[in-house]
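All remarks here apply to the structure that follows.
The values are calculated or read from the model by the stated rules, or taken from the named source; none is laboratory data. From a predicted model like this one, the values you see are computed outputs, not experimental measurements. Positions of Cβ are backbone-derived with ideal geometry, glycine not excepted, and every protein chain shown enters the neighbour counts.
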Amino acid sequence: MTNIANNLEIVRSQINVACQNAQRSTETVTLLAVSKTRPADELRAAYTQGQLDFGENYLQESLEKIEQLQDLEICWHFIGPIQSNKTRPIAESFNWVHSVDRLKVAQRLSAQRPDQLPPLNICLQINISGEESKSGILPEQLPELASQVLQLPNIQLRGLMAIPASSEDPQQQRRPFARMRELLQQLQLNHPDHSELDTLSMGMSGDMDAAIAEGASIVRIGTAIFGARVYSK
């Protein structure tokens, strides 16, 4: 568990440097620890080091961890693909959902969010690089879907999420992130009454600096914190 503490310190330092280079306050970037396949005790160890936000991809696994760690004030983010028939436990158990790409899913999350809970924060996933293997809507589909989602009760549209095509070139990395920033800015112009439209969930271990330079407000980091993922056979 000492490794987790050390790794968190390194990642936070990298975020601080990236923010300084971008002339941004470090308080404008949230570190989301991607904890899929990691056991609950590792999340607890990260929590003791001040990590409050955790991102999960697999529903059944995440529900078990939420149950095991219910004594902690964790902010749970669902970041994986969403099947329509799995929306109820997501709506009931998570604080954020980053991977909404269909009106039907948004409608179900809205209808199934318990009334006693605050609105569910959601991001619309954009397939910013147009890859057939990736989930998400195309940029030109965003205005219509966003307008529809903003009318739904019990959920709060906070912004956009993307996983661009990988690149080792920092300048190449920045282009899709810059496009994401432009899409969010246009969304804000189109909906000036919605001040909560403030989130860009983008950037992982290999392209975090480029994402922060272009305005990321949530960066999703997994292996740099927890080490290589362990997948069950």
Checking Q171 against (1) modelled with pLDDT under 95; (2) assigned to a loop (DSSP other than H, G, I, E, B), which test does it fail? (2)
Name every residue in the stretch 46-71 that is charged (D, E, K, R) and loosely packed, with under 14 Cβ neighbours inside 10 Å, in order of residue number. E64, E67, D71
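Anything in the stretch 37-53 that is on the phi < 0 side of the Ramachandran plot and either among the β-branched types (V, I, T) or modelled with pLDDT under 95 (or both)? List them, or say none.
Keep residues of the stretch 37-53 that are on the phi < 0 side of the Ramachandran plot, which gives 38-49, 51-53.
Selection gives T48 alone.
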If A178 meets every condition in (1) surrounded by fewer than 19 Cβ atoms within 10 Å (Cβ to Cβ); (2) within 14 Å of L103 (Cα to Cα); (3) of a type in the set (A, V, I, L, M, F, W, C) apart from one, which number is that one? (2)
If you go through the stretch 142-167, how many residues are without any contact (Cβ under 8 Å) to a residue 24 or more places away in the chain and part of a loop (DSSP other than H, G, I, E, B)? 1
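Scan the stretch 54-71 and give yes if some residue there is within 15 Å of A224 (Cβ to Cβ) and within 18 Å of the chain's Cα centre (by Cα), otherwise no. Reasoning before the result, please.
Filtering the stretch 54-71 down to residues within 15 Å of A224 (Cβ to Cβ) leaves 54-55.
When the remaining residues are screened for being within 18 Å of the chain's Cα centre (by Cα), the result is 54-55.
Scanning the stretch 54-71 turns up at least one residue that is within 15 Å of A224 (Cβ to Cβ) and within 18 Å of the chain's Cα centre (by Cα).
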